[in-house]
Amino acid sequence: MKRALITGITGQDGAYLAQFLLDKGYQVYGTYRRLSTPNFWRLQYLDVFDKVNLIPADLLDTSSIVEAVRVAQPDEIYHLAAQSFVFASFEQPVGAGEITGLGVTRILEVIREINPSIRFYQASTSELYGRGSTIPQTESTSFQPSSPYAAAKLYGYWVTRIYREGYGIFACNGILFNHESPLRGLEFVTRKISNAVAKITLGMDKELRLGNLEAKRDWGYAPEYVESMWLILQQDKPDDYVIATGEAHSVREFAERAFTVAGLDWEKYVKVDERFLRPLDINFLQGDYSKAREKLGWQPKVKFDKLAEIMVREDLNRWGRWLKGEKFPWDAPNYPSEDRIISRMLKLDR
Ligand code: NAP
Ligand code: G4F
């Protein structure tokens, strides 16, 4: 039985990947960081919480990573843990470098020291391409990161290649474009929209405040994207791959589609709020996944319209159940209103 270690198993991708690998017959280990309140809702939601082995570890603490690798003795490590919210990386730029950047080297060093035959997946990102990039983006498009998050991920991308080429480690980058699902964090724009649509439909909210409506992203469906991570590590040779749908849509289009699913006119409810603008934003990401299709046999099935529908229907279903008094693992009722968050990024006078 193969053994996998997933860093960031409590996140969106970590939970779906755990479910996918369990279905493949893997023994699954996952690292989580100690919080004052446990954060296992996604694993519970997918009904895999009792089937995975959990190891406390923090990317800032190398000794905890050593312990995780010693305990799990993995054949494969999927390194998904990161401070993954771009907006927050402007708030905590040093943390972005420490966690999202240097965290990659900490893990690669542990692999090099303990067992260089472990296969390593790095969660790279379309954010690497940044602003003004040529479209569509491929594995050979140049990078011009536009946030502390992207700069940290660029470091992680290169260090992964350096350990592959310098030490012969089977280390790969999956350059994944945005992928969403009902397990997406509430601060990301698609889930912020689907959650607000559900609350407005049920009379629990009146409006939705968003930032840059013109930004275009290549949005795919997260459960399909975790399969690509596994495929990348099953190849004969380590390599880097773009994973995307090949379609780009704006935030405005996503809002329009999401409100339409609920039978509402988005223009009546969406307000632009400058607090959600970023010091720098990427206006156009659209991936070319030809290499993944040819070499991995991977291709997306769920596209934009269906994705928005899945997310809105699930948030409607959850709030409906919640209103009836049903209890189940889920994030939204614990999320504070953004008006109550004091952040240098949410101030108008920054
Ligand atoms: P996510 O839901 O935000 O999950 C991030 C995970 O990292 C969580 O488990 C989080 O733990 C953990 N983490 C954060 N800081 C940590 C630290 N200091 N030590 C240990 N663990 C820490 O992100 P995701 O959407 O699943 O994305 C997975 C990875 O893919 C990330 O590296 C992200 O940057 C990258 N990526 C995502 C996308 C996308 O569209 N989703 C696209 C390209 C690349 P807590 O639960 O305790 O917070
Ligand atoms: O949903 P977002 O916050 O995702 P973003 O910044 O594209 O990053 C996500 O995808 C990356 C892959 O390309 C990952 F690497 C990263 O970890 C993360 O998963 O924002 C998408 C777009 C941005 O242009 C943003 O400015 O939506 C725009 N937007 C407009 N109004 C908003 C809002 N974003 C958020 N979060 N909240 C808004 O109110």
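Read-outs throughout are calculated quantities, based only on the coordinates presented, and are distinct from any laboratory measurement. Remember, it's a predicted structure, so these values are computed and weren't measured experimentally. When we count neighbours, we look across all protein chains shown, and the Cβ atoms used for this are built from the backbone with ideal geometry, even at glycine.
Assorted remarks:
- TYR269 sits among other residues whose Cβ lies under 9 Å from its own Cβ, and their net charge, with Lys and Arg +1 and Asp and Glu -1, is -1.
- Calculated diffusion of segment 33-99, Stokes-Einstein form, Kirkwood radius summed over Cα pairs, 10 °C and 1.306 mPa s, µm²/s: 114
- Compactness check for segment 178-277: Cα Rg over 2.2 N^0.38 Å is 1.28.
- Over segment 207-350: Kirkwood hydrodynamic radius from C-alpha pairwise inverse distances, Å: 18.0
- Neighbourhood charge, 15 Å Cβ-Cβ cut-off, centred on LEU35 and excluding it, Lys, Arg +1 and Asp, Glu -1: 0
- Under 5 Å between amide hydrogens, built in the peptide plane, is the criterion, and for GLU180 it picks out GLY220, TYR221, ALA222 among residues at least 5 positions away or on other chains.
- Whole-Å distance, taken between Cα centres, linking segment 41-120 and segment 233-247: 20
- Here the ratio of the Cα radius of gyration of the chain to 2.2 N^0.38 Å is 0.96.
- Inter-part distance, segment 1-36 to segment 208-231, computed on C-alpha centroids, equals 20 Å.
- Taking each residue as 0.36 nm, the span from ARG340 to ARG321 lengthens on full extension beyond its C-alpha to C-alpha distance by 4.2 nm.
- 10 Å beta-carbon shell around THR260, net charge (K/R +1, D/E -1): -3
- Relative contact order (percent, whole number), the chain, Cα cutoff 8 Å, 6+ residue spacing: 18
- In this simple spin-label model, placing a label point 7 Å from the Cα along the Cα-to-Cβ direction at both GLN73 and ILE135 gives a separation of 5.1 nm.
- In this Cβ point-charge picture (+1 for Lys and Arg, -1 for Asp and Glu), the chain has a dipole of about 380 debye about its Cα centre.
- Selected from GLY8, PHE49, TYR32, residue furthest toward positive end of dipole (the chain; charges at beta carbon): PHE49
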